Amino acid sequence: MGTDLATAAQVVVSGLLLGGLYALLAGGLTLVFGVMRVINLAHGELLMLGAYVACLLFAATGLNPIVALLVSIPVLFVVGAVTQRFVVNRVVNAPLLTSLLLTYGLSLVVTGTAQAVWTNDYRSVPFITGGFALGEVSISRPRLLAFAVSLVLTGAAHVFLTRTRWGKAMRATAQNADVALACGIDIDRARMLAFGIASALAGAAGTLVSFLYSVYPEMGRAFMLKAFAVIVLGGLGSFPGALIGAMILGVVEAGAAYLSTTQIAEAVIYIMLLAMLLVRPHGLLGTAER
Amino acid sequence: MTGGAEARIPEPLATPLLSVDDVHAGYGRVRVLHGVSAAVEAGQLVGLIGPNGAGKSTILKAITGFARVSAGRIRYDGQDVTGVRADRLVPLGIAYVPQGRLVFAQMTVHENLEMGAFTVRDAGARQEAFSRVYDLFPRLADRRTQLAGTMSGGEQQMVAIGRGLMVRPRLMLLDEPSLGLAPRFVALVFETLQSLKAQGLAMLVVEQNAAQTLAIADRAYLLELGRNRLEGTGADLLANPETRRLYLGD
Ligand SMILES: Nc1ncnc2c1ncn2[C@@H]1O[C@H](COP(=O)(O)OP(=O)(O)OP(=O)(O)O)[C@@H](O)[C@H]1O
Ligand SMILES: [Mg+2]
């Protein structure tokens, strides 16, 4: 009995630690969807770029990946803002399929370029390892660190969106772009900023992933699916929903992995997604579309 | 409207605050306006009436850049503003309140007004704008933390008008402000328009409610199928047998 409880606690703790990272990644995806009704299929590639920033800086200077965040965040912000301004902004009012095709194309180009430049070799950033015990639950130090940083960044993004002038302007643009224009808000700028912030969050997630998992050009794909699962659970366009969805996904994934193999854990996630889409297609906290 | 005001000028001045000159406009390939002209002088309330689909909303959208102008000119305060997007017009003093009581549903009343003041950078001026709007609509002051999407239609229209007033505009474009509202809110909207006019705000008002609009309008235009049909002072149109037959149920 005692050990069952401990096992359950272990699963929940591992899942929540994982969930923090998913929240950071999915927050950006949901922000972009909210502000410009675009599902960015290249979001995972932004994570990959953030991971490479950490790897390359570590290889060149031995830089600690937490410090590398100070580079990956602004670099990915600029990458995202420029991509939005010159590429994605053209499809903002186009049918969803057009933007899906465009961002899927972008993801292929970015992955292919990364393979050409950095090869398909797996890399990693050696950083803190090990863990400690909290009662009967063991906690991994690097995962706890990634979790804490993820929560801080997700919280900072949330505060930005709800408290600052441009943050509110981005939410206004999300809710009604025409009325936002009538308020004097430059909606192109709001959208560029939103995409930049979303990319910066994905880049930060990538930098954190660099010391947890292998880094390679196609790593974004699996994470993209996780982020997608999070927003299906939490509701597209809802930031608090993303946080809750991410935690649920993390715990379910950890539980399924404990009870079975990783492959089956993945399958459990998809079954859960399907069930969610059938039962509550707008997610736990999302609102039904129009 | 008793005495005390300066003598009313019946005809437009040489340079009105806003002038719409022979404007052709539409959406994509669809042409809706086929050469429409109208003018608003400083401090005037100008009515725009006409049947459904006449292109009344499209005139306001042409002015604010939401509809594409293919010919003609729109001038405001001596500047050519043809095709200028709404966000650039706000700093010039033009506020637009679209048809349909549009609010930011997931934001509070206060945040909606705050968005209206997006271009007002001076903290004192913002504060002053909030008190002005809350004085005008005390009901909003009581509900400043309520989500705008959960309010009644009449209350949402107050939020929409209040949001437009936050920039202290010189010209306000209102599209069907009384449409679909309960009678007491309709009365409130017309009272508000009159008090704003008394404060010197120029307004171009699209309305279904022709009789009440003409009664308070300095000038009015009757539009049909994307063209000017009749124009004159509010009183002229109110007395015109054709308007009476078409819109006032005589
Ligand atoms: N976004 C749009 N795309 C294409 N056509 C449009 C669009 N908006 C309006 N129209 C068309 O333009 C014409 C005039 O519309 P408009 O909204 O200006 O009329 P209105 O006089 O305001 O009518 P109402 O009293 O119904 O509001 C209509 O035939 C309408 O179908
Ligand atoms: Mg209309």
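The values are calculated or read from the model by the stated rules, or taken from the named source; none is laboratory data. Every value quoted in this text rests on a predicted model; they were computed, and no experiment measured them. All Cβ positions, even for glycine, are placed from backbone atoms using ideal geometry, and neighbour counts span all protein chains on display. Remember, those area values only see protein heavy atoms, side chains included, never the ligands or the DNA or RNA. Shrake-Rupley method; radii C 1.70, N 1.55, O 1.52, S 1.80 Å.
Taking only Cα atoms and a 10 Å spring cutoff, compute GNM fluctuations for chain B and point out the largest among B:Ala67, B:Ala202, B:Ala125. For chain B, modelled as a Gaussian network with Cα springs under 10 Å, the answer is B:Ala125. If you plug the beta carbon distance of A:Tyr122 and B:Thr15 into 1/(1 + (r/R0)^6) with R0 = 56 Å, you get a FRET efficiency near 0.20. Per-residue Karplus couplings for the range A:15-25, computed as 6.51 cos²θ - 1.76 cosθ + 1.60 with θ equal to phi - 60°, are listed in order as x, 5, 4, 5, x, x, 5, 4, 5, 4, 6 Hz, Gly and Pro entered as x. Have a look at A:Leu18, A:Leu56, A:Thr83 and report the one farthest towards the positive end of the charge dipole of the range A:3-229, computed about the Cα centre with Cβ charges (Lys/Arg +1, Asp/Glu -1). Selected residue: A:Thr83. Only helical runs count toward this figure. For chain A, summing -39,500 (n - 2.57) over DSSP H runs of n ≥ 4 and dividing by all residues gives -25500 deg cm²/dmol at 222 nm.
Per residue, chain B reaches -10000 deg cm²/dmol at 222 nm when only DSSP H runs of four or more residues are counted, each adding -39500 (n - 2.57). In vacuum, with every alpha carbon of chain A counted as one equal point scatterer, what does the Debye formula give for log10 I(q)/I(0) at q = 0.07, 0.15 Å⁻¹? Two decimals, please. So the normalised log intensities are -0.25, -1.16.
Provide the three semi-axes, in whole Å and in decreasing order, of the ellipsoid equivalent to the range B:65-187 as defined by the square roots of 5 times the Cα gyration tensor eigenvalues. Spell out each step's value before the answer.
On the way: eigenvalues 133, 66, 29 Å².
So the three semi-axes of the range B:65-187 are 26, 18, 12 Å.
Compared with its chain on its own, the range B:142-166 contains the following residues whose accessible area drops by 20 Å² or more in the full protein assembly (probe 1.4 Å; ligands, DNA and RNA excluded): B:Arg163. From the alpha carbon centroid of the range A:73-132 to that of the range A:3-61 is 14 Å.
Report, to the nearest whole %, how much of the accessible area of the range B:94-168 belongs to carbon and sulfur atoms, 1.4 Å probe, protein only. Don't skip to the answer; put the middle values down first.
Working: 1400 of 2920 Å².
About 48 percent, which is the carbon plus sulfur part of the accessible surface.
Accessible surface calculations at 1.4 Å, restricted to protein heavy atoms, place the range A:99-179 at 53 Å² per residue. Here the Karplus relation 6.51 cos²θ - 1.76 cosθ + 1.60, evaluated at θ = phi - 60°, turns the backbone of the range A:80-88 into coupling constants of x, 4, 5, 4, 5, 4, 9, 10, 5 Hz, with x for every Gly and Pro. Taking A:Ala133, A:Ala94, A:Ala42 in turn, the Gaussian network model of chain A (Cα-Cα springs below 10 Å) assigns the largest fluctuation to A:Ala133. To put it simply, the accessible area of the range A:3-229 at a 1.4 Å probe is 68 percent carbon and sulfur. Dipole magnitude for the protein assembly as shown: about 280 debye, using +1 per Lys or Arg Cβ and -1 per Asp or Glu Cβ, origin at the Cα centre. Across B:Asp135, B:Asp175, the residue with the most accessible area heads the list, and the full order at a 1.4 Å probe is B:Asp135, B:Asp175.
Where the only charges are on Cβ atoms (+1 Lys, Arg; -1 Asp, Glu), what is the dipole of the range B:119-200 about its Cα centre, to the nearest 20 debye?
On the way: 11 positive and 8 negative charges, 41 e Å.
With Lys and Arg at +1 and Asp and Glu at -1, about 200 debye.
Work out the mean other chain Cβ neighbour count within 10 Å for the residues of B:115-126 and drop it here as an integer. Don't jump to the answer; show the numbers that get you there.
Values: counts 14, 5, 3, 10, 4, 1, 1, 0, 0, 0, 0, 0.
For this peptide, the per-residue mean of nearby foreign Cβ atoms is 3.
If you sort the three axes of the alpha carbon gyration tensor as a ≥ b ≥ c, you get a/c of 1.5 or more for the range B:50-135 and a/b no higher than b/c, which makes it oblate. For the chain pair B and A, buried accessible area totals roughly 1900 Å², probe 1.4 Å, rounded to the nearest 100. A crude spin-label estimate for the pair B:Arg244 and A:Arg165, with each label 7 Å from Cα along the Cβ direction, gives 5.5 nm. Between B:Tyr221, B:Tyr27, B:Tyr76, the residue with the greatest mean-square fluctuation in the GNM of chain B (Cα pairs under 10 Å linked by springs) is B:Tyr27. Per residue of B:90-101, other chain Cβ atoms within 10 Å of the residue Cβ number 2 on average.
At the listed q of 0.13, 0.23, 0.25 Å⁻¹, the Debye profile of the range B:184-237, built from one uniform point per Cα, gives log10 I(q)/I(0) equal to -0.33, -0.93, -1.05.
Both radii come from the Cα set of the protein assembly as shown: Rg as radius of gyration, Rh as Kirkwood radius; their ratio Rg/Rh reads 1.09. Here A:Leu134 and A:Tyr270 are evaluated by their C-beta separation; at R0 = 35 Å the FRET efficiency comes out at 0.65.
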